[in-house]
Amino acid sequence: MAEALGKVLEEAVGKAAAGDGAADGDHIGEDGLLVCGKCGTPKQKRFKVPFRDEPVVVGCMCTCEEQAAREREAREAHELAQARAMARREKCFATAPKLMTCNFEADDRKNLSVSTACERYADTFAKGDPYGLLLYGNVGGGKTYMAAAIANRLIDRGFSVLQTDIGSVATLMESSFEKRQSNIERILSYDLLVVDDIGAQRSTEYMMQHVYAIIDGRYRYGRPMVITTNLDGEQMSQLQSGGPWSRIFDRILEVCYPVKVIGNRRKERELAMRKSMRERLGL
């Protein structure tokens, strides 16, 4: 064993003595060790090992090589994080891929109080916090955009999010008992559930049972939700007074803070599209 170790050390010493790893500008210092020509720090060092009287000279990274290695590791870690975030984003917005581009950085801040509240919610979100938001207001006000911006911010922070709607929930529930239970467990497992445009659909009692199962399950597990609806305060109060939506909105309002979203972003987007197309078509 000592003989084998000695042979390995001899090879290491030989490579070090030959200046393996030397680059243009490198030179031998006064101590006989290779010095980097860029940063002026050693690229070799001596240390004592068993079975040898003399110290062994081996290669090491100089300061600029260490810096380059750290930058490479940081870059690779960032690329890996970005790839994982993209995978979570694609999974989150599987039924609405256009929402993957919604973010607070691109928000026009025309409804500053709402934008600020939503961004603060996303930035202070933490596991174990059971509370969410109910974004309500007129059609085209930007509720879906704000909800998607929250989802994207959380995905960037490493959380799991699912964006869906009542129709998609109903589709998931229209399966065998085993698969339905599996789908429910999956929906309950996400750190945040975003349900878009709730209350606008004409739903059967069967569908309402499944919607309630999801909402109630999130409630009982302490898993937060962000809900959007076109209903105003009065309409929601009416729904709470009775009918199939009553117990659903009761659950939602227990854990989701209502935020009114006003504006007409849809009209603004339509006008922007028309202007762009007129310029494109030369009209």
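The values are calculated or read from the model by the stated rules, or taken from the named source; none is laboratory data. As the structure is a prediction and not an experimental result, all values here were calculated from the model. Cβ sites come from the backbone with ideal geometry, for glycine too, and all protein chains shown count toward neighbours.
Here are a few things to note about the model shown:
- The set of residues in segment 88-109 being within 17 Å of Asp196 (Cα to Cα) and part of a loop (DSSP other than H, G, I, E, B) consists of Phe93, Ala94, Thr95, Ala96, Cys102, Asn103.
- The set of residues in segment 110-151 being outside any helix (DSSP H, G or I) and of a type in the set (Ser, Thr, Tyr) consists of Tyr131, Tyr136.
- Inter-residue pairs, beta-carbon under 7 Å, first assigned by TED's automatic domain parsing to the domain that holds Leu188 and surrounded by 11 or more Cβ atoms within 10 Å (Cβ to Cβ) and in segment 103-130, second among the β-branched types (Val, Ile, Thr) and outside any helix (DSSP H, G or I), 6+ apart: Asn111/Val261; Asn111/Ile262; Val114/Val259; Val114/Val261; Ala117/Val259
- Positions within segment 120-158 being in contact with a helix residue (DSSP H, G or I) (Cβ under 9 Å, 6 or more places away or on another chain) and on the phi > 0 side of the Ramachandran plot, in sequence order: Gly137, Gly140, Gly142, Gly158
- The single condition among (1) in a loop (DSSP other than H, G, I, E, B); (2) touching a residue at least 24 places away in the same chain (Cβ under 8 Å); (3) farther than 20 Å from Val261 by Cα that Ser168 does not meet is (1).
- Against the criterion of being free of Cβ contacts under 8 Å to residues at least 60 places away in the same chain, in the same structural domain as Met225 (by TED's automatic domain parsing) and buried (at least 22 other Cβ atoms within 10 Å of the Cβ), Ala148 qualifies.
Yes/no matrix, rows are residues, columns are (1) within 23 Å of Gln163 (Cα to Cα); (2) in a helix (DSSP H, G or I); (3) modelled with pLDDT of 85 or more:
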position	(1), (2), (3)
His210	yes, yes, no
Ile214	yes, yes, yes
Tyr219	yes, yes, yes
Val226	yes, no, yes
Ser237	no, yes, no
Gly242	no, no, no
Glu254	yes, yes, yes
Glu270	no, yes, no
Lys275	no, yes, no
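- Any hit, segment 72-87, residues being farther than 30 Å from Asp191 by Cα, in a loop (DSSP other than H, G, I, E, B) and modelled with pLDDT of 90 or more: no
- Ala170 being under 25 Å from the mean Cα position of the chain (by Cα) and surrounded by 14 or more Cβ atoms within 10 Å (Cβ to Cβ): no
- Checking Arg75, Arg84 one by one, the residue that is under 48 Å from the mean Cα position of the chain (by Cα), under 30 Å from Met100 (Cα atoms) and surrounded by 12 or more Cβ atoms within 10 Å (Cβ to Cβ) is Arg84 and no other.
- Test set (1) surrounded by fewer than 14 Cβ atoms within 10 Å (Cβ to Cβ); (2) out of contact with any helix residue (DSSP H, G or I) (no Cβ under 8 Å at 6 or more places or on another chain) - Tyr221 fails condition number: (2)
- Where a residue in segment 45-60 is under 11 Å from Leu33 (Cα atoms) and its partner, wherever it lies, is surrounded by 15 or more Cβ atoms within 10 Å (Cβ to Cβ) and of a type in the set (Val, Ile, Thr), with Cβ under 9 Å and at least six apart: Lys45/Val57; Lys45/Val58; Arg46/Val56; Arg46/Val57; Arg46/Val58; Val57/Val13; Val58/Val13
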